[in-house]
Structures are given as C-alpha cells and as structure tokens.
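Shown next, in structure tokens, is the structure this report addresses.
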C-alpha cells in the first residue's frame, strides 16, 4: 500500500501531497533517526521543514525554477529541436556532471528490454563510439556492426534486433547504397549505412571533427566518447517526451523522474561538520574533489518513500505534464523504484566510513543558489507585507 | 616494425644530406616508399604484408606532417622532428624487445618483472594472508580504487557463470553484481539488524535481510543473482545466517575491525555490538583480495581480463615513457592492429609463475576473442590513464 493515496495529477494536489509526504517524513524521523554526527538530525529536520513550507509556496515557484530552469535546461531541454536539445545537453557536460548523465542511463535497471546499459549493451556503446570515430563522416555500415558484434553462438537475427534497438534509442537514421553489379557475384547489392540525422551531424562535425588546415583531412577527436551517445539518448527522449511508447514507456518516465528528484533532494541537503575520522580519510580529503558530509537518515526506507513518492510525481508533471504524471507507477513497483534511489548516483553520492558524502558538482551548487535566492525573496516579501 | 622505422630514419637522414628541400615533395617520399616496398616483398613473404602496412602508415604520417607544417618550419627542422620521433619510436620498441630474458636469467631486473610488480602492488598484490592483501589494496585505493574496481569487471562478463560446477572458480564481476554490492553497502550503513556473532556469543554483528537486497529489481531481472546469492556474497566476505540474513564472515570481521569499518559499542545488555561504517570500497576490495589470494582459481574471462589490463598498462606506460606526447607515430602504436601483434604475447608472459602467476593456458588465442577484449581499449577509464602516467614516471626515475 502506498503511504499517500493515489491522486489525480493536478498541480495543486501534487503540492498538497508533497506537504503531506514531508509531514510523514518528519514524523518518521522524529521517531527514529540513524545519523550519528551531532546536530545532523536537527539540520535535516530544518531542511525538510523549509521544503515543506517554502517549496510549494507561490504556486510551487521553487519547483518551477529548479526543475524547469536548471535541471531541464541542463539535461532535458524543452521546446527545442532534436539537434538543439542535443547541443544543449552536450554543452552542459562537465566531468562531474558526466557521472549524472551516466547514471541516468545506468539507472534504468527497471526497464530490462530498453536499457541501453543492460548486460551486453554497455560495451556496445563503447564499440559504437569506436566504429563511428573511425570514419570522419560519422557513418557505419551494417556489415561493420555485424562483424564487430557477430557471435557464432548467437543467431544473426539477435544482432540485427540489437542494432535496431540502438538505432531507435539514439534516433539514428539509415541510408541505403545500391550497387548495381557487385564485383564478386555480379549481383545487385544493398549496403545500409547508419548515421546521425543531418542537424546532429552538423553539431558533431563542429564539435568533434578536427580539420587539417593544409591537407583538409578530417579526423574525429578523442573527446567523442560514450557520453555523446548518452546525451543523444537524453535529447531523443526530451524531444519525443509526449510519445511515451517511442521512448520506452512507463519505466523511462519513472527512471528519469526518480533521478531528477534525487538531484533536487541532494542539492538541498545540509552540509555537516565532518568528524576527525572522516577528515583524516584519504578519499574525503582528496585535493581534486570537493566533498561534503550530508545526513543519511533521509535514506531510511519510510522517510525516503514519503519524500520521493510525491516529489517524483511533481518532477514528472513538470517534465511531461499530466501524461508523465499519470505514468508514474502507483503500485508496489513504485516502492522498488524508491529503493533503487539508494544506490543511484554512486559516484557523486558515496559512502565513506559509514557516512553519506556528496561530491560537490556544478548542478548541485546552481540549484542550491537558486533555492536560497528564492527563499530570501520569499522571506523579504513576507517581512515587507507583514504590518 | 623496428627495422622499418630504422630504415626510414636512415632514408630521411640521407635525403636531407642531399638536399633538405627534397623532403617537401611528397612525390619523392612516395617513390622511396615504392622502391622499398618492391624490394622487401621479394625478401620475406610472410612478413611482407605487415611491413607494407607499417611502411605505408609511416610514410602517410610523415607526408601529412610535412604538408601541415611546411609553411611554418624549415625543411631541416621538419627533418629533425621526424628523425627525433623515429628515434623515440625505435627506443620504445627496443625496450619492448628486451622486456624480458628468454631464459629468465636475472629476470628480477627485467622491465617486465619490475613493471608487473609495480602494477601488482597497486592493483592485485600478493600476500601471505587475505588480511595483508586487503590492507595493501586499501593503502592504494585512495589513488587507484577505480582501477581496482575495473580489474574485477571483465567486459566479457556476460559469459561468466554465477554457479560454476567447479566450486572454486572465481568469476569476474558483472555490473549487476556491482550494483548489488553497492546496495548491500547502503543497507549496512543505513539501518541494519543485529544478531549474535555465531563464533563469539558475547558480540553482536550487523545483519541485513537477504531479500531486501533484491527488492529494487522489477520483473525478476536479478533472479539468477538471487538464486546464486550464497556464491555471490561468499566472494565479498559475507555469509548467510538462518537462511534469512547476510552477515560478515568471522575472518572478514577481523579485517573490518582493523580498518575501522566496524565500530564496537557496548550495549545495556553488556554485549558488544559491532556497528558498521562501510565505505564504497569495503566489500569490493575484499572481492579483489580474495581473487588475488586464489589467483590459481580465476575464471577464464577474469584471467584474460586481468592479463589484458596488465599488458596494456605496461605497453602504454613504456610508450608514455619513451614517446613524447606529440610524437607523430603515436597512432601507429595505438592502432588495434599493432596492439593485436604485441599485447597477446605480453599477456602470456605476464601469467608466468615469476610474474603474476596465473594459469597461462587460459589465455585465449582466437582472433574473435582478441577483438572482443581489445574493444575495451576504446573505453579506457580516466583512472587507468593516471596509472599509465605514474608508470611512465616510475620508469623514468627508476635506476
């Protein structure tokens, strides 16, 4: 049974539901907390109360700003063409944000058929990168694909189906080249080339092709990596968000909404003073990465469910309107999706000596700054209007 | 490759002695190449195909380089650059040629032995006990945890069997197993149950519900792992108690205690409770330590993967050491065709008893398989590149 009764997807009801969910979470936390660092629980409760009181205020202004303006802008652009979305996601890439982009895809463990990072397909992306980067026109021929992935133990149809799944996921296009007389057999032969749509090709050429100014030779730079494909995958979903069946259905909606909800919650978590033990730990004091300790009690099962169930719906509503919101699964599976959150974003959200640590990345800082500015504006609005 | 590089260097030197401007004409370089190709094809038929391939690559690269920079550099400077880069390439090949002694005489001082030991200490150390190995791995995990994790995860993991008929075989890690290990770590850190330590009744150890670990998986997609849970958790130092709970094995508890991953707390009942404070690497490193200690029982996939990584690190480390970053011939060395000629032999050498001591008979020879595992070269992780740089520094500073 779900803690919060299933609701129709209206914005106000979603906000009310969020407030009730946080009520539950606060009650649960007051009854039982697992944080051992002094002051962690009051800090966490304080943040949850701010979320409860201020996030839904002004018709959910903070949600609109953080989800529409920051998260969507970086990972899931709206009202743009496929190529524009792709370029935007590509431009918001930083080394740390690549972890999130990677997780966005690896996180889809629920969707076994459509997951592009499922069993054999993880390396397939790497091989596709290799195949596409060999030719400076970003084309691969189907035979090349079969030669790379053909396995004598697996029927060829399996490889063909696999290729088609990947083509659909990335929104690639195919071109046919008909040879009237093949040299070997003197028969007509059809070669199928796979490539990116024209607009995408232009973006790729601009970003990843290195031209030799004298010889005019073109080659693909090393920056062309698997995350380019993952950005393409996200752009494809962002553009086709209204056509659920073409983007993998309910599981995709649930997966993306859950990860964005996690990004939002992680961004607003309070930083705590690290224990001396943690400060001495080499992973924590690494000079290259900025890490902060955050409370861990929100990851307890009952608290997590209370926070995330309504939040995931809010995210879904902002990303894809009522259609997405209604696609959020309201059954026991929902709980499974919540529990997945515990092991998502493992590279930016990691355990060090039993404490939950967050790697500071640009999107967390941007979201936190926006929330704080809006909170201050809300505060000053209240003080000026109070007689 | 080496004779062709040496021959090319000689030709360039002679050419610039005659007149440096000759170098600027692609026609002259091409005519030299044609002449060389003709002569050699008659000589050694078996090797001629590779020679022609390498020679054409070398001449193509030189032509491109000359075309690109002829407006900016004088012919003499161009020739100097080419000769320097050829010299560096020959030096790198010289090191590879004498990487070890065929008769294993004085093998301790060979590059192969020193490099294998250097990498082994960081990623796959030997030791008298699992405690010592774990400790050594943990000492290196600050800098190389991602490499250590990578070493456990063969790209051919889909061929691994969780339930091998041979009880002792240690398979590689799949991404799903890695996810499950992460999940177990989270459960221990969040709100575990506690139960009596079977071997020491005065203590309580943390336990988590076995079924909870598999709760996030929808549509039974982790069914195989769930059925083989006993085998899976055995590799990460855990055991099943009462058919319900996952708890650390007795030996692992001592390791966890000595590394601060368990904290003792006295309970009102007088019992001492071990409270878990795991890090991401706690369980993974046990798996690696376990595999390292029983390296004679590794699965075929895992042996090939480990040997492949060691071979690649050694090869790339030597290249990084000898070749300058802007060496125009770098791409020949990084080409899959060159890798296929060099790495399989290195992989076998690395498995000999004086080096990694793994079963070299399990190194696969099929071309298809090589293609499959070499594919990972295109998706190297950043941490591996860091280690390659460290290896180059080690080679540069070692006496």
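Read-outs throughout are calculated quantities, based only on the coordinates presented, and are distinct from any laboratory measurement. Not measured: the values here are computed from a predicted model. Heads up, the Cβs are rebuilt from the backbone with ideal geometry, glycines too, and the neighbour counts pull from every protein chain shown.
In this simple spin-label model, placing a label point 7 Å from the Cα along the Cα-to-Cβ direction at both residue B:367 and residue A:91 gives a separation of 4.7 nm. Relative to the longest principal axis of the Cα atoms of chain B, the long axis of helix B:45-69 lies at roughly 80 degrees.
First measure r as the distance between the Cβ atoms of residue B:126 and residue A:222, then evaluate 1/(1 + (r/R0)^6) with R0 = 41 Å and state the FRET efficiency to the nearest 0.05. Using R0 = 41 Å, I get an efficiency of 0.70.
For the protein assembly as shown, the spread of Cα positions along the three principal axes, ordered from largest to smallest, is 94, 62, 54 Å.
If I take all pairs of Cα atoms in segment A:236-387, what percentage of them are more than 29 Å from each other? Walk me through the numbers before you get to the answer.
Working: 3491 of 11476 pairs.
Cα-Cα pairs of segment A:236-387 separated by over 29 Å account for 30 percent.
Of B:100, A:211, the sequence from fewest to most neighbouring Cβ atoms within 10 angstrom is A:211, B:100.
The angle between the Cα long axis of helix B:300-322 and the longest principal axis of the Cα atoms of chain B comes to about 50 degrees, rounded to the nearest 10. Between 0 and 90 degrees, the angle of helix B:26-43 with respect to the longest Cα principal axis of chain B falls at about 80 degrees.
What fraction of the Cα pairs in segment B:88-164, stated in percent, has a spacing above 16 angstrom? Counting pairs separated by more than 16 Å, the tail of P(r) holds 67 percent. Legend: ranking of residues A:143, A:338 from fewest to most surrounding C-beta atoms inside 10 Å; resulting order A:143, A:338.
Just checking the output field for B:156-164: average partner chain Cβ neighbours within 10 Å of each residue's Cβ?
Numbers: counts 2, 4, 6, 3, 0, 0, 0, 0, 0.
The mean count of partner-chain Cβ atoms within 10 Å per residue comes to 2.
For chain B, the pair-distance distribution built from all alpha carbon pairs, in bins 20 Å wide starting at 0, is 24, 44, 23, 8, 1 percent. Among A:78, B:36, the order by Cβ neighbours within 10 angstrom, fewest to most, reads A:78, B:36. The overall shape of segment B:320-365, judged from the alpha-carbon gyration tensor, is oblate: a/c is not under 1.5, and a/b is no greater than b/c.
Ignoring everything except DSSP H segments at least 4 long, calculate the 222 nm mean residue ellipticity for chain B; use -39,500 (n - 2.57) per segment, divide by total residues, nearest 500.
-19000 deg cm²/dmol
For segment B:174-284, the share of alpha carbon pairs falling in successive 5 Å distance bins from zero is 2, 12, 24, 25, 19, 10, 5, 2, 1 percent.
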